[in-house]
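Undergrad: The structure's right below; bear with me while I get my questions together.
The values are calculated or read from the model by the stated rules, or taken from the named source; none is laboratory data. Since the structure is predicted, the reported quantities are computational estimates derived from the model, not experimental observations. Cβ placement follows ideal geometry from the backbone for every residue including glycine, while neighbour counts extend to all protein chains displayed. Protein only, heavy atoms only, side chains kept; ligands, DNA and RNA dropped before computing areas. Shrake-Rupley method; radii C 1.70, N 1.55, O 1.52, S 1.80 Å.
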Amino acid sequence: MNTSLLFIATVLIWGTTWIAIALQVGAMPVMVSIFYRFALAGLVMLAGLALLGRLARPAHWRFVALQALCLFSFNFVGLYKAAGLIPSGLVSVVFSLASIFNAVNARIFFGERITLRVVGAGAIGASGLVLLFWHDLFTTLDGNSLRGIAWAGFGTMMFSLGNMASRRNSALGTSPVTANAWGMGMGAVVLLILILATGQPVVLPEGMTSWAALIYLAVIGSVAGFTTYLLLVQKIGSARAGYATVVFPMVALLISTLFEGYQWTWTAAAGLCLIVFGNIVMFARRPNGSGSHPARQKPR
């Protein structure tokens, strides 16, 4: 699959997962929901690779384990908690800052240069978030909204650190497909241990809606979505692949408007525009075509 198709697939898949997450919130404990999601996804991936004769052991387990903790457990604890407190579309907008987190973490862990463009884009994005949540931050000071923002930020940071672990796995010879298959299984085991340690009831989903949301999140959102995204990271790097997180919030917000009754205000619209603009400022190629990776083409 070429870069453009990987990019489009990631945007469409992850842009539609937020409403499925919202449908699961409240039906069962958060960690139980995530456990079912990645237990099913891990089983599907491991069984599929075994049937195709492509099941392999990772070159180095430690980074697969780190990817499992960040991408397939703690990341989603934060995002599911957030989805229970604020509209799912707004969670996805906070998540769009993953592109900036990726740039900063790539500097810390891989020595990639951070330019003034990145600093400026971060300031624009942060200003956009203030406008987006202006009503909650400065009008009602709603505690749930503040907690939702904090949980979404935590989940986004874990996602970014998982991206760094995925890059390390690829550099060490473990493909994203192999790392995902084992990582999802390991993430499910970690979640099960936490569930048992905290005494949370392990209940089954109730009703067709909950089961449909679970299957969609496991097979489409996790197996397909993470595979396309991490293949994109492998092809064009974590910072540029993070541009997908700029586009799919618009898909998620449209769905949130249609199905969750999200009400737009002029400050929210201006905030969304600033967040998108901040990410574009950071990742758009310069007019002369120069950039950090001149040989790589941006998805179109």
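Undergrad: If we sort 125-131, 164-170 on the protection proxy, mean other Cβ atoms within 10 Å, highest first, what's the order?
TA: 164-170, 125-131
Undergrad: Here's something else I'd like to know. Rank by packing, highest mean first: peptides 53-63, 32-42, with packing defined as the count of other Cβ atoms within 10 Å averaged across residues.
TA: On the way: 53-63: 14.3, 32-42: 24.2.
Ranking, from highest mean packing down: 32-42, 53-63.
Undergrad: Moving to a separate point now. Which order do the peptides 180-187, 193-200, 210-217, 272-279 come out in when sorted by mean C-beta neighbours inside 10 angstrom, highest first?
TA: On the way: 180-187: 27.2, 193-200: 11.8, 210-217: 19.0, 272-279: 21.1.
In decreasing order of mean packing, 180-187, 193-200, 210-217, 272-279 become 180-187, 272-279, 210-217, 193-200.
Undergrad: Right, here's the next one. Ordering Ser4, Ser96 by how much accessible area each has at a 1.4 Å probe, largest first, what is the list? Before the final figure, lay out each step's value.
TA: Details: Ser4 45, Ser96 5 Å².
Accessible-area ranking of Ser4, Ser96, largest first: Ser4, Ser96.
Undergrad: Using a probe of 1.4 angstrom, how much of the accessible area of the range 165-208 is carbon and sulfur, in percent? Can you show the working numbers first?
TA: Numbers: 1460 of 2080 Å².
Answer for the range 165-208: carbon and sulfur cover 70 percent of the accessible area.
Undergrad: Multiply the residue separation of Thr257 and Leu146 by 0.36 nm, subtract the distance between their alpha-carbon atoms, and state the gained length in nm to one decimal. Display every interim value, and only then the final one.
TA: Values: separation 111, 0.36 × 111 = 39.96 nm, distance 2.07 nm.
Full extension from Thr257 to Leu146 adds 37.9 nm.
Undergrad: Which helices of the chain meet both criteria: a Cα extent of 18 Å or more along the helical axis and a mean Kyte-Doolittle score no lower than 1.0, with helices taken as whole DSSP H segments? Provide the component values of the computation, followed by the final result.
TA: Values: long enough: 3-24 (32 Å, 1.65); 30-51 (32 Å, 2.06); 116-132 (24 Å, 1.81); 143-171 (43 Å, -0.01); 176-197 (30 Å, 1.81); 244-259 (23 Å, 2.24); 266-283 (26 Å, 1.92).
Those that pass (Cα extent of 18 Å or more, hydropathy at least 1.0) are 3-24, 30-51, 116-132, 176-197, 244-259, 266-283.
Undergrad: Quick one: ranking Tyr80, Tyr243 by accessible area, 1.4 Å probe, largest first, what do you get? It would help to have the intermediate numbers written out before the result.
TA: On the way: Tyr80 5, Tyr243 40 Å².
Descending order: Tyr243, Tyr80.
Undergrad: Which whole-number value in Å² is the accessible area per residue of the range 8-118, probe 1.4 Å?
TA: Values: 4340 Å² over 111 residues.
Averaged over the residues of the range 8-118, the accessible area is 39 Å².
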